[in-house]
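Nothing in this text is a laboratory measurement; each read-out follows from the coordinates by a stated rule. All figures in this text were calculated on a predicted structure; none of them were measured in a lab. Here Cβ is always computed from backbone atoms with ideal geometry, including for glycine, and neighbour counts include all displayed protein chains.
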Amino acid sequence: MVLTVFILYLLMMLGIGAYFSKKANSLNAYYLGNRGMNKWVVAMSAQASDMSGWMLMGLPGAIFVSGFSEAWIGIGLVIGTYFNWKIVGRRLRKYSHFCGDSITLPDFLSNRFRDNKGIIRVIASIFILAFFLFYTVSGFVACAKLFGTIFGMSYTTGLILGAVVVVSYTFMGGFFAVCWTDFVQATMMLIAVLVIPSIIMGESGGFAATMDAVNSQNPYLMSLFTNASTGKAIGLISLVSSLAWGLGYFGMPHILVRFMSIKNAEEIKDSRRIAMTWVIVCLGAVIMIALLGRYYVQANGITVDDPERIFMILCQALCHPAIAAILMAAILAAIMSTADSQLLVSASAFSNDLYKHIFRKNASNKEVMWVSRIIVAVIAIIAVIVAFQGAPSAEGAKQGKSFLDVVMSLVSFAWGGFGATFGPLMLLALFWKRTTIQGAISGMLVGGITTFVWKFYLSSFSAEIFQIYELVPGFVLSFATIVIVSLCTKKPSKEIQDEFDAVETTRLSDMKLS
């Protein structure tokens, strides 16, 4: 029964890919949906691609271990989501169209600063490919855990199966398929996260009685300022690190491209309301799943060997197999909704921004699209190979989990990398006319390199300051670098400054739609 539900779900995703394959007949269509996506699809697909398997595995796993104190990450994400839609969305939709009808993030940055030598395009594309590799790996690792828990599949089999399905419909339908599958998947995720807490509270005598039971089990579980596993107050560094996740939104290519794709910039406001409702409800429900789940498994003597599997364990324990299968398919939906977006953006960075503009400038659009489809497969293969390094082993179990074995760690690093590399630059490129190409290049390099150095070198030092989330120093240093270098270099040309001013005064309806 469970297998049947999963097969039907996967066939539905492939069917959507096949349906939209005929519409993906140009670069603009394949990468940006011809800038014709409606507000509901843009809102729901943006949030689904944002949350990924992290929402149903990484976050509940962290809260299961440490309690409500880990909810600061969710709070940071809610704040970041709002300001990204409020500040960046409309401006980027207009500016990207106004600025050479840009269809990718490197395309926009290159056109914005008149990067005739292609330096920005190359650097941006390299960072996109590097960080999305880690992000895609996190999705495939989550797939392996999901299929292992449900079907008893080996880590390797689950890894390959998840990759094959995601690659298949992304390969066929491009942006149309990615957005519409994400819309379906976002709906599934919303339903799934509401069902489990409702069942637990129903069995435990209602909301008040369940919360009393949770508090009696561990008084720190519901505390925002105390770690439930240690009983110690969370420090300033930990608090800042959690809230800083919200900064990452300003630099997420797979989210920013949704803003660029909406049919009418004026619909961004409606999309923001839809997106905010979805993210607040979902994150709130996920927090409840982790807290109530910890109470439920302890009260019923259920062993949890991996906290990131708590949602799956609850589905199997609380629901009829058919219902459990549908709910757990939501995890696959969460994983796929992000992995497909990451693969498409990575492929566009290589095929459109490197292959077409740097290596083979005379390439036809048809050729570039096929290169893009091939790169989708190549990146997936590389991600699977890297994800193999996270395969569980007896030796690994003795030494503890590796960086590659924990979904939360992989997502955290990739999120921080994008936020530090592109976040400050996007804000300044959109809202500060004085930003120069030299400042843009310097800021990207400082943000991206700082993320790697902080994560893999400086964080090993014992000083508390080095335990802060790498996104924070990366974002701050990148922002400062762009401002300082821009002020120390020649002002942008009059053409660039006039274009900057024109974006604000020109209505989208006055532009010629592509």
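Computed quantities for the displayed model
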read-out: Dipole of the chain, positive end: most advanced residue of Ala349, Ala46, Gly448 [Cβ charges, Cα centre]; value: Ala349
read-out: Cross-link pairs beyond the 19 Å C-alpha cut-off, checked among Lys86/Lys455; Lys94/Lys269; Lys94/Lys433; Lys39/Lys263; Lys39/Lys366; value: Lys86/Lys455; Lys39/Lys366
read-out: Relative contact order of the chain, defined on C-alpha pairs under 8 angstrom at six or more residues apart (%); value: 30
read-out: Length-normalised contact order of region 97-245 in % [C-alpha pairs under 8 Å, at least 6 apart]; value: 7
read-out: Nitroxide proxy distance, nm - points 7 Å out along Cα→Cβ at Arg273 and Leu11; value: 3.9
read-out: Rule-of-thumb Rg ratio for region 94-157 [Cα; 2.2 N^0.38 Å; N residues]; value: 1.74
read-out: Theoretical gain in end-to-end length, Met1 to Arg114 [0.36 nm per residue, Cα-Cα removed]; value: 35.0 nm
read-out: Top positive-direction residue, dipole computed over the chain with Cβ charges, set Ile437, Asn300, Val65; value: Ile437
read-out: Relative packing of 419-426, 471-478, 493-500, which averages over residues the other C-beta atoms within 10 Å, highest first; value: 419-426, 471-478, 493-500
read-out: FRET E, pair Ala317, Asn38, Förster distance 41 Å, beta-carbon r, rounded to 0.05; value: 0.60
read-out: Check: the chain dipole with +1 on Lys, Arg Cβ and -1 on Asp, Glu Cβ, in debye; value: 1480
read-out: Alpha carbon centroid spacing (whole Å) that separates region 210-271 from region 95-144; value: 25
read-out: Burial order of peptide ranges 283-296, 309-322 (average beta-carbon count within 10 Å, highest first); value: 283-296, 309-322
read-out: In nm, spacing of pseudo-spin labels at Lys494 and Lys86 (7 Å Cα→C-beta vector); value: 3.8
read-out: Inter-centroid distance (Cα atoms) of region 426-469 relative to region 43-94, Å; value: 21
read-out: Unit Cα scatterers, Debye sum, region 299-390: log10 I(q)/I(0) for q = 0.16, 0.18 Å⁻¹; value: -0.78, -0.87
read-out: Karplus-derived HN-Hα couplings along region 302-310 (A = 6.51, B = -1.76, C = 1.60, θ = phi - 60°), whole Hz, x at Gly and Pro; value: 8, 7, 10, 7, 9, x, 6, 9, 4
read-out: Extension gain from Ile237 to Phe456, taking 0.36 nm per residue of separation minus the Cα-Cα distance; value: 77.0 nm
read-out: Furthest towards positive pole of dipole, Ser364, Ile331, Pro321, structure part region 215-374, Cβ charges; value: Ser364
read-out: Kirkwood-based Rg to Rh ratio, the chain, C-alpha trace; value: 0.97
read-out: Electrostatic dipole magnitude of region 219-291 [Cβ: Lys, Arg +1; Asp, Glu -1; Cα centre; debye, to 20]; value: 20
read-out: Karplus-derived 3J(HN,Hα), 6.51/-1.76/1.60, for each residue of region 251-256, Hz, glycine and proline x; value: x, 8, x, 6, 8, 4
read-out: Rough spin-label spacing in nm, given labels placed 7 Å along Cα→Cβ, for Ala213 and Glu367; value: 6.6
read-out: Karplus-derived 3J(HN,Hα), 6.51/-1.76/1.60, for each residue of region 220-225, Hz, glycine and proline x; value: 8, 4, 9, 8, 6, 10
read-out: Distribution of pairwise C-alpha distances over region 263-312, 10 Å bins, in %; value: 21, 33, 20, 16, 9, 1
read-out: Shape of region 179-237, Cα gyration tensor, a/c cut at 1.5; value: oblate
read-out: Using alpha-carbon coordinates, inclination of helix 494-505 to the longest axis of the chain, degrees; value: 50
read-out: For Thr436, distant residues with modelled amide H under 5 Å away; value: Ser486
read-out: Three semi-axes of the equivalent ellipsoid, region 105-236, Cα gyration tensor, whole Å, largest first; value: 40, 24, 17
